1. Tally time: how many residues in region 130-145 are without any contact (Cβ under 8 Å) to a residue 40 or more places away in the chain and under 23 Å from the mean Cα position of the chain (by Cα)?
2. In region 46-71, which residues are within 8 Å of the ligand (Cβ to nearest atom) and at positive phi?
3. Before we move on, is SER60 at pLDDT below 95, polar (S, T, N, Q) and either within 21 Å of PHE177 (Cβ to Cβ) or not assigned by TED's automatic domain parsing to the domain that holds VAL206 (or both)?
4. Could you grab me the full set of residues in region 209-232 that are at pLDDT 90 or above and either assigned to a loop (DSSP other than H, G, I, E, B) or away from the ligand (no atom under 16 Å from the Cβ) (or both)?
5. Filter region 184-200 down to the residues that are in contact with a Phe, Trp or Tyr (Cβ under 9 Å, 6 or more places away or on another chain) and under 17 Å from LEU95 (Cβ atoms), then identify the one that is surrounded by the fewest Cβ atoms within 10 Å (Cβ to Cβ).
6. ALA4 - would you say it is more than 13 Å from the ligand (Cβ to nearest atom), over 30 Å from PRO126 (Cα atoms) and at pLDDT below 95?
7. Please work out which one of (1) within 19 Å of the chain's Cα centre (by Cα); (2) within 13 Å of the ligand (Cβ to nearest atom); (3) assigned by TED's automatic domain parsing to the domain that holds ARG242 is the condition VAL43 fails and give its number.
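The values are calculated or read from the model by the stated rules, or taken from the named source; none is laboratory data. No experiment lies behind these values; they were computed from the predicted model shown. No Cβ is skipped: glycine too gets one built from the backbone with ideal geometry, and neighbour counts run over all protein chains shown.
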Amino acid sequence: MILAGPTGSETAPAFIAVRDVQVTYGQGGAEPVQALVDINIGVPEGAFVSLVGPSGCGKSTLLRAVGDMIAPTAGSITIAGTPASQMRREARIGLVSQAPNLMPWLRIADNVALLHELSAKRTGRPAPDVAALLQLVGLEGFGAKRPAQLSGGMQSRAALARALALNPDVLLMDEPFAALDEITRDRMGIELMRIHARFRKTVLFVTHSLAEAVFLSDAIVLMTPRPGRIERVITVDLPRPRLPEMRLTDAFARMVAELNRELYRMMA
Ligand code: ADP
């Protein structure tokens with residue numbers, strides 16, 4: 001379902017198609033950093049794909065390149081056949097990062113509508129149904145509150161609703177739950193699965209947590225540093241819908257252990 005590696009032997013064009021991408025920071029300077037080399041991945045529409053690997057292996061860089069926040073030094077990235085840069089201009093890419101970055105003076109409902117409002121003139125998109133979005137992320141009844149009145153987990157939910165308000169084709173999530181305590185983080189993972197089953201966006205998700213990656217993903221892209229490249233793509237064949245109790249099964253534990261072994265082998 002997902003193809004990766006230097007050959008990138010895709011048969012059908014993927015929804016997110018990353019071809020021969022390289023990213024070098026500080027090119028032309030004294031010490032350029034090769035953050036990514038030979039990146040080829042094809043992500044099917046509606047898939048949930050996680051990027052995992054040791055710090056510095058280029059996970060965030062790859063996510064930022066797909067979101068057109070940085071331009072690749074070489075290679076191309078298309079989403080639904082359209083260059084990532086155009087997708088960003090048309091506000092068809094949603095981003096959720098580690099910090100919710102809510103505007104403290106705005107009500108939650110206005111925070112959720114904000115990105116849409118900022119891009120509406122340019123994109124001509126219809127206004128989102130903020131009440132429905134708040135309900136979707138479990139914040140029904142909190143629209144009139146300010147961010148400071150919400151817990152960390154609830155702020156994360158609001159950030160997700162804000163990204164979904166754009167009705168994006170792709171959702172990029174960069175360690176969105178990393179700042180949360182473990183119990184809240186687990187709950188957010190379960191909620192995200194429920195929400196993903198409803199909205200069926202294509203998701204690229206960066207995480208440090210192998211268990212989180214296994215629980216959420218259709219496939220896991222294992223990356224390795226210096227220079228950042230794709231080591232392996234692991235398909236997660238646990239059935240959907242993913243239910244919380246699946247995390248207690250032998251099949252789940254085996255997948256997490258296999259990923260752990262791969263990571264140790266890579267770092268040895
Ligand atoms: P990860 O998300 O896997 O931790 P990053 O994508 O943040 O990895 O970083 C990949 C490599 O690129 C690292 O060596 C990092 O130090 C370097 N890097 C990241 N951002 C920049 C930048 N803006 N300028 C220079 N080097 C960078």
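1. Taking region 130-145 and keeping what is without any contact (Cβ under 8 Å) to a residue 40 or more places away in the chain, we get 130-135, 139-145.
Checking which are under 23 Å from the mean Cα position of the chain (by Cα) leaves us with 130, 132-135, 139.
The number of residues fulfilling the criteria is 6.
2. Correct list: GLY53, GLY56, GLY58.
3. Numbers: at pLDDT below 95: no; polar (S, T, N, Q): yes; either within 21 Å of PHE177 (Cβ to Cβ) or not assigned by TED's automatic domain parsing to the domain that holds VAL206 (or both): yes.
No: the conditions fail for SER60.
4. Pass one, region 209-232, residues at pLDDT 90 or above: 209-225, 227-232.
Correct list: SER209, ALA211, VAL214, PHE215, LEU216, SER217, ASP218, ALA219, PRO225, PRO227, GLY228.
5. HIS196
6. For ALA4, the condition - more than 13 Å from the ligand (Cβ to nearest atom), over 30 Å from PRO126 (Cα atoms) and at pLDDT below 95 - is met.
7. For VAL43, the failing item is (2).
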